[in-house]
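First comes the structure, then the notes that go with it.
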Amino acid sequence: MRKVALGGFVCALLLSFTTPAAAARPSVEDTLPAPGLYCVERVAMPDLVNVIDAKWSPDAQMLAVVRFERRPSGGPAGYIEDEVLELLDMKTKQLRSLGSIEYGRPAWSPSGHYLAYWGNKADFLE
């Protein structure tokens, strides 16, 4: 019985030392943003389906998008999937295809004037 009474007394003392102002102050952990992606601005853009990779240009004016595109074929699946690279201009909302690529993963130059990527094997054949 004494332990229960003493426990209640200790809790009452601890609560009495916390002022209302201190209790209302957020902790450092509460003020830090949670890890992850955030939407900072919504913009209208064309529907992009089957996207597997996307890279922003350094100035955020262009978005390089890698996606799968299905073409009909006479094979067992009835279609062939190609990886295609497209550029989305964020000002005009126009999508420009750069054609089939291999291995995805485009990379912008620091200036944003160049985009490096592996072209399709057919591009290297004479």
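Are there any strands (runs of 3 or more DSSP E) wholly within the range 51-126 with 1 or more residues that are among the hydroxyl-bearing types (Ser, Thr, Tyr) and touching a Phe, Trp or Tyr at 6+ places or on another chain (Cβ under 7 Å), and if so which?
Once the strands (runs of 3 or more DSSP E) in the range 51-126 are filtered for at least 1 residues that are among the hydroxyl-bearing types (Ser, Thr, Tyr) and touching a Phe, Trp or Tyr at 6+ places or on another chain (Cβ under 7 Å), what remains is 95-108.
Among the residues of the range 82-106, what is the count of those that are closer than 14 Å to Val51 by Cα and loosely packed, with under 13 Cβ neighbours inside 10 Å?
Residues flagged as closer than 14 Å to Val51 by Cα and loosely packed, with under 13 Cβ neighbours inside 10 Å within the range 82-106 amount to 2.
Take Leu13 and tell me if it is modelled with pLDDT under 70 and surrounded by 10 or more Cβ atoms within 10 Å (Cβ to Cβ).
Details: modelled with pLDDT under 70: yes; surrounded by 10 or more Cβ atoms within 10 Å (Cβ to Cβ): no.
So Leu13 does not fit the description; no.
The values are calculated or read from the model by the stated rules, or taken from the named source; none is laboratory data. Keep in mind that what you see is a predicted model, and the values were worked out from it rather than measured. Note that each Cβ is placed from the backbone with ideal geometry, even for glycine, and that neighbours are counted across all protein chains shown.
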